[in-house]
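A.B. asks: Let me give you the structure first, and then I'll get to my questions.
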Amino acid sequence: MNSNLLKTGFVDEPVSADIDIKKAIKQLCKEKNAVIMAHYYQPNEIQDIADHIGDSLALAQYATKTDADIIIVCGVHFMGETAKILSPNKKVLIPDLNAGCSLADSCPADKFEEFIKQYPGYTVVSYVNTTAAVKALTDVCVTSTNARKIIEQFPTDAKLIFGPDRNLGDYINSVTNRKMVLWDGACHVHEQFSLEKILELKKQYPNALLLAHPECKKPVLMVSDYIGSTQALLNFATESNKTQFIIATESGIIYEMRKKNPNKEFIPAPPLDSSCGCNECNFMRLNTLEKLYNCIKYEQPEIIIEESLRKKAEKSILKMLELS
Ligand code: 13P
Ligand code: SF4
C-alpha cells in the first residue's frame with residue numbers, strides 16, 4: 001500500500017463525480033465485510049449511511065459484538081482506539097486521522113501519571129474521551145451515559161480521581177454526593193455555550209425545555225431542565241410530551257432528534273460567538289463521504305495500537321462494560 005496516500009492524515013484522492021458515492025461505499029462495505037459505526041455528532045450524510053449510530057457507549061458496545069472483518073469508525077480518534085482495543089483482531093479504520101478531541105488532548109498521559117502519583121491509594125476513573133495511554137493508567141472508564149451508575153457502585157467515601165472533564169466530574173460529584181478529585185480538562189465545544197444567549201432564547205421560547213450535556217459549564221447546567229449524555233438527551237426529547245427543546249450539546253444530534261420527532265422543534269443552543277459555528281465539533285466534522293469512500297477503498301488510515309499498551313488499556317474499558 002502506498003504510504004504517500006496518507007501524507008495528509010487521510011487518503012487524499014479525488015473521487016469521480018460520476019459515481020454514486022453512497023452506493024459505492026455500501027458496495028465496498030459488502031465486498032469487504034466492513035461495518036460503519038458513526039457517532040451522533042457526525043455530518044448528516046454520514047449518519048445516513050452508517051450501519052450503527054450511537055453515543056460513545058453504544059459505539060464501544062457495538063465494537064465488541066460485530067462479526068465484520070473491518071470496522072470503520074466515523075467519529076474521532078479515541079473512538080477508533082476504543083474499537084481497536086476491544087477488537088484487536090479486526091482492522092479498524094478512521095476516515096481522517098486528524099479527527100482528534102480537545103478534551104482528550106487536555107489530558108496528556110505523562111502529566112496525568114504525575115497527577116495520579118500525588119494521590120496514592122486512589123482509584124482512577126476516566127471518561128472514554130481519552131487516549132489509549134491514559135486508559136492504560138485508568139482503573140475504570142466511564143461515558144456520560146453510565147458515569148453516574150458506575151460511580152454510585154463505589155462506597156460514598158471511596159477515594160476517586162476523575163479525569164479529564166472537570167464539568168462532567170463536578171456534575172457527577174454533585175449528583176452522587178462524592179468528592180472525586182478532578183483533572184482540569186474540558187471540551188472546547190461544550191464550554192462555548194453562552195449562558196446569556198441561552199437565557200435570551202428561553203425568553204423567546206418560554207415553553208421550550210433546555211436539554212444540556214454534562215460537559216457544559218455549571219452555569220448552563222444550573223438553568224437546564226434536563227442534563228444527560230447524547231443518548232439520554234435524545235431519549236428524553238423523544239419520550240417527552242413537550243414539543244420545543246433548546247439543545248446544549250454538539251448540534252449533530254439534532255438530526256436524529258428531528259428524524260425521531262418530526263413534529264417537535266429543536267433549537268441549537270448558541271455558542272458565545274455565533275459566527276464561529278462552534279456548537280459543531282470541528283474534529284467530528286473532518287469526516288466526509290469522500291474520505292470515507294477512500295478509507296474503505298484503500299483500507300487506510302488504520303488504527304494501530306502496540307499490544308502491551310492495548311492490553312493495559314483494555315482492562316479499564318472491560319471494567320466499564322461490566323459495570324454498565
Ligand atoms: P457521549 O457520546 O458520551 O454523549 O459524549 C459526547 C462527546 O463529546 C463525544 O465526543
Ligand atoms: Fe472531543 Fe468535544 Fe469534539 Fe466530543 S465534542 S469529540 S469531547 S472536542
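Just so you know, all these numbers are worked out from the coordinates, no wet-lab data involved. All values reported here derive from a predicted model rather than from experimental measurement. Cβ sites come from the backbone with ideal geometry, for glycine too, and all protein chains shown count toward neighbours.
A.B. asks: As a footprinting exposure proxy, order Cys141, Cys107 by other Cβ within 10 Å, with the fewest listed first. Intermediate values should be presented prior to the final figure.
C.D. replies: Numbers: Cys141 32, Cys107 23.
Ordered from fewest to most neighbouring Cβ atoms within 10 Å, Cys141, Cys107 come out as Cys107, Cys141.
A.B. asks: Continuing with this model, one more query. For segment 252-324, evaluate the Debye formula with one uniform point scatterer on each Cα (no solvent term) and list log10 I(q)/I(0) at q = 0.20, 0.24 Å⁻¹, rounded to two decimals.
C.D. replies: -0.99, -1.00
A.B. asks: Turning to a different aspect of this structure: Counting Lys and Arg as +1 and Asp and Glu as -1, each charge on the Cβ, what is the dipole of segment 47-113 about the Cα centre in debye, to the nearest 20?
C.D. replies: 160
A.B. asks: How big is segment 214-297 along each principal axis, measuring the range of its Cα positions in Å and listing the largest first?
C.D. replies: The Cα atoms of segment 214-297 stretch 45, 29, 21 Å along the principal axes, largest first.
A.B. asks: Also, I was wondering about something else. Students often get this wrong: which residues of segment 303-317 have the backbone nitrogen under 11 Å from the point 7 angstrom along Cα-to-C-beta of Asp139?
C.D. replies: Correct set: none at all.
A.B. asks: To the nearest whole percent, what portion of all C-alpha pairs in the chain is separated by more than 32 angstrom? Don't skip to the end; give the middle numbers.
C.D. replies: Values: 15075 of 52326 pairs.
Of the Cα pairs, 29 percent sit more than 32 Å apart.
A.B. asks: Please compute, for the alpha-carbon atoms of segment 158-257, the extent along each of the three principal axes and give them in descending order in Å.
C.D. replies: 42, 28, 24
A.B. asks: Let me see the P(r) profile for segment 183-324: every Cα-Cα distance counted, bins of 10 Å, each bin given as a percent of all pairs.
C.D. replies: Bins of 10 Å from zero give 10, 31, 30, 21, 8, 0 percent of pairs.
A.B. asks: For segment 1-108, compute Rh as the Kirkwood radius over C-alpha pairs and then the Stokes-Einstein diffusion coefficient at 25 °C and 0.890 mPa s; write the answer in µm²/s, rounded to an integer. Before the final figure, lay out the partial values.
C.D. replies: Values: Rh = 14.7 Å.
The estimated diffusion coefficient comes to 167 µm²/s.
A.B. asks: Mind giving me the nanometre distance, one decimal, between the label points for Glu13 and Lys197, set 7 Å out from Cα along Cα→Cβ?
C.D. replies: Label at Glu13, label at Lys197, 4.0 nm between them.
A.B. asks: Give me P(r) over segment 113-204, computed from all C-alpha to C-alpha distances, binned every 5 Å, as integer percentages.
C.D. replies: 3, 13, 23, 22, 16, 9, 6, 4, 2, 1, 0
A.B. asks: When the Cα centres of segment 32-96 and segment 282-304 are compared, how far apart do they sit, in Å?
C.D. replies: 11
A.B. asks: Okay, moving on. Between segment 109-171 and segment 195-256, what's the alpha-carbon centroid distance in Å?
C.D. replies: Each part's Cα centre sits 26 Å from the other's.
A.B. asks: Put +1 on the Cβ of each Lys and Arg and -1 on the Cβ of each Asp and Glu in segment 119-212; which of Asn177, Pro206, Leu195 then has its Cα farthest toward the positive end of the dipole?
C.D. replies: Positive-end residue among those listed: Pro206.
A.B. asks: Follow-up question, since we're still on this one. In a Gaussian network model over the chain where Cα atoms closer than 10 Å are linked, find which of Lys90, Lys117, Lys135 has the largest mean-square fluctuation.
C.D. replies: Lys117
A.B. asks: Run through the DSSP bridge list for the chain and note the antiparallel percent, rounded to the nearest 5.
C.D. replies: On the way: 2 of 33 bridges.
Counting DSSP beta bridges with both partners in the chain, the antiparallel share is about 5 percent.
A.B. asks: Same structure, new question: Using θ = phi - 60° and the Karplus curve 6.51 cos²θ - 1.76 cosθ + 1.60, what whole-Hz ³J(HN,Hα) does each residue of segment 193-204 get, with Gly and Pro shown as x?
C.D. replies: After applying 6.51 cos²θ - 1.76 cosθ + 1.60, I find 5, 9, 4, 4, 5, 5, 5, 4, 4, 4, 5, 5 Hz.
A.B. asks: For a label point 7 Å from the Cα of Lys111 along Cα→C-beta, name the residues of segment 136-169 whose backbone N is under 19 Å from it.
C.D. replies: Correct set: 136-138, 161-169.
A.B. asks: Would you calculate, for the chain, the mean residue ellipticity at 222 nm contributed by helices, counting each DSSP H stretch of 4 or more residues as -39,500 (n - 2.57) and dividing by all residues, to the nearest 500?
C.D. replies: Working: 15 runs with 131 residues, N = 324.
Taking each H run of at least 4 residues, the total per residue is -11500 deg cm²/dmol.
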